[in-house]
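Asks: Below: one structure in structure tokens.
The values are calculated or read from the model by the stated rules, or taken from the named source; none is laboratory data. Since we're looking at a predicted model, the values are computed, not measured. A quick note on method: Cβ atoms are made from the backbone with ideal geometry, for glycine too, and the neighbour counts reach across all protein chains shown. Heads up: the accessible areas ignore ligands, DNA and RNA and are worked out on the full protein's heavy atoms, side chains in. Shrake-Rupley method; radii C 1.70, N 1.55, O 1.52, S 1.80 Å.
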Amino acid sequence: MSISANWSYPTAIRFGVGRIQELGEACRSVGMEKPLLVTDRGLAALPVTKVALEVMEADGLGHGLFSKVDPNPTEKNLAAGLEAYHAGGHDGVVAFGGGSGLDLAKMVAFMSGQTRPVWDFEDVGDWWTRADPAGIAPIVAVPTTAGTGSEVGRASVITNSETHVKKIIFHPKVLPSVVIADPELTVGMPPFITAGTGLDALSHCLEAYSSPFYHPMSQGIALEGMRLVFENLPRAYAEGTDIEARGQMMVAAAMGATAFQKGLGAMHAMAHPIGALYNTHHGMTNAVVMPEVLKLNRPAIEARLAAAAAYMGWDRSFDAFFEQVMALRHEMQVPAGLGEMGVGSDRIDELVAMALEDPSAGGNPVELTAENLRALFEACL
Ligand SMILES: NC(=O)c1ccc[n+]([C@@H]2O[C@H](COP(=O)([O-])OP(=O)(O)OC[C@H]3O[C@@H](n4cnc5c(N)ncnc54)[C@H](O)[C@@H]3O)[C@@H](O)[C@H]2O)c1
Ligand SMILES: [Fe+2]
């Protein structure tokens, strides 16, 4: 892929193959002299992380690394990260990874200068104003998956290790100052992760597009983001080294996260509690519940999805859109139901209660109730 571009929306993005080489300069541009690279355990062992650390070191920024981050990271990971940050005398964070690494890294930067516990900054009302903005360290984000779009997001998802509830922690300044989006970093993703993360991006675009709120800007981004996923995810899945498809998926992921300011919906309201209780992969979980959620929402989104189908070049109908979703799921080997992911019916009461409380629930085009959510979970099992 020869395309290389600099964008300043929704933040400064340096997009293109090989641009990881600009990591040192990007850190310096936001005042870092001694950044801490924060990533998850799995990635820390891979060559991509070594390359990033080498670039930092070659530019005289040291090679600070914290990698004790679990998938679906918790406040315990955060406490350990903060300890490493302060002990090492760091002055900023390189957020490196998929959603798990990026989210936890963003929280290390955010919490490095706060005095209140992290749960006080949950995305509720104006709680974010409780934070001291001067206590937020600069963040340079480097995504290595193409899914969550957390690199352009103003929030992190942190799982409470005691209650097992996923909480969204929000602050406008959690948006990374600079993003290095280098498609080459995603080439090593195994097919399961390529599929799961890519379907997360689709779910962000689709739920944002379907949500009832007035936000035409997001609407346009969501629509084009879906097109990019339908065209490029099968290619990236079939041929991991297809750099063009990897690049387009990286953009689609950032578009999904930009669009979901407009709202998410039942897919995420369900996937959050399932992920918290069963530690399933987030994007794959969205993909499993996607068809049943579309069926529930059909009366409210029929015309809108028909328009989307026409934009993709398919028949102008809800059914055409639905069929393409099913085909993509099949191609990506998405489990047919939640049972295949280890989810049982024994905790369905908890799942329903948690989904109702989830902040994504409010964006669903059909109002979610204990009854329709229970029916959704049962249908997905
Ligand atoms: N902040 C947000 O807006 C937002 C949005 C959606 C999801 N999330 C959160 O993001 C998390 C999921 O993130 P994810 O789907 O990116 O998965 P992940 O970050 O958990 O990564 C999944 C696995 O892929 C590996 N991996 C990552 N990049 C790789 C690469 N280039 N090569 C090989 N292996 C690689 C990781 O080591 C890990 O084992 C969840 O905690 C979810 O709640 C956050
Ligand atoms: Fe998501």
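Asks: How about the stretch 182-196: which of its residues are within 26 Å of ALA12 (Cα to Cα) and open to solvent by 10 Å² or more (accessible area, probe 1.4 Å)?
Replies: Within the stretch 182-196, GLU184, LEU185, VAL187, GLY188, MET189 qualify.
Asks: Among GLU224, GLU207, GLU231, GLU244, which is the only one that is within 17 Å of the chain's Cα centre (by Cα), assigned to a helix (DSSP H, G or I) and within 24 Å of VAL152 (Cβ to Cβ)?
Replies: GLU207
Asks: While we're on this one: Can you pull out the residues in the stretch 160-183 that are within 16 Å of the chain's Cα centre (by Cα) and charged (D, E, K, R)?
Replies: LYS166, LYS167
Asks: Report every pair of residues separated by at least 6 positions or lying on different chains whose Cβ atoms are under 7 Å apart, first residue within the stretch 14-29 and under 17 Å from HIS63 (Cβ atoms), second outside any helix (DSSP H, G or I) and of a type in the set (Gly, Ala, Ser).
Replies: Note: pairs meeting the criteria are CYS27/GLY92.
Asks: Show me the helices (runs of 4 or more DSSP H) found entirely inside the stretch 276-381 where at least 3 residues are surrounded by 15 or more Cβ atoms within 10 Å (Cβ to Cβ) and β-branched (Val, Ile, Thr).
Replies: Ranges flagged: 282-312.
Asks: Let me ask another. Can you tell me which residue among TRP127, TRP119 is aromatic (Phe, Trp, Tyr), more than 28 Å from ALA87 (Cβ to Cβ), away from ligand 2 (no atom under 16 Å from the Cβ) and surrounded by fewer than 24 Cβ atoms within 10 Å (Cβ to Cβ)?
Replies: Checking each option against the conditions leaves just TRP127.
Asks: Being under 10 Å from the mean Cα position of the chain (by Cα) and of a type in the set (Ser, Thr, Tyr) is the filter; apply it to the stretch 137-159 and report the residue that is surrounded by the fewest Cβ atoms within 10 Å (Cβ to Cβ).
Replies: Checked the stretch 137-159; the qualifying residue surrounded by the fewest Cβ atoms within 10 Å (Cβ to Cβ) is THR148.
Asks: Do any residues in the stretch 101-120 that are more than 23 Å from HIS282 (Cα to Cα) have Cβ atoms under 7 Å from those of residues that are of a type in the set (Ser, Thr, Tyr), where the two are at least six apart or on different chains, and which pairs are they?
Replies: Sorted first by the residue in the stretch 101-120, then by its partner, the pairs are SER112/TYR85.
Asks: Output yes when any residue across the stretch 255-269 is in a helix (DSSP H, G or I), within 16 Å of THR148 (Cβ to Cβ) and away from ligand 2 (no atom under 16 Å from the Cβ), and no when none is.
Replies: Checked against the condition, which is being in a helix (DSSP H, G or I), within 16 Å of THR148 (Cβ to Cβ) and away from ligand 2 (no atom under 16 Å from the Cβ), the stretch 255-269 yields no hits at all.
Asks: Next question. Are any residues in the stretch 234-277 aromatic (Phe, Trp, Tyr) and more than 13 Å from ligand 1 (Cβ to nearest atom), and if so, which ones?
Replies: TYR237
Asks: May I ask you to list the residues in the stretch 182-191 that are more than 9 Å from ligand 1 (Cβ to nearest atom) and under 18 Å from GLY101 (Cβ atoms)?
Replies: Scanning the stretch 182-191 gives ASP182, PRO183, GLU184.
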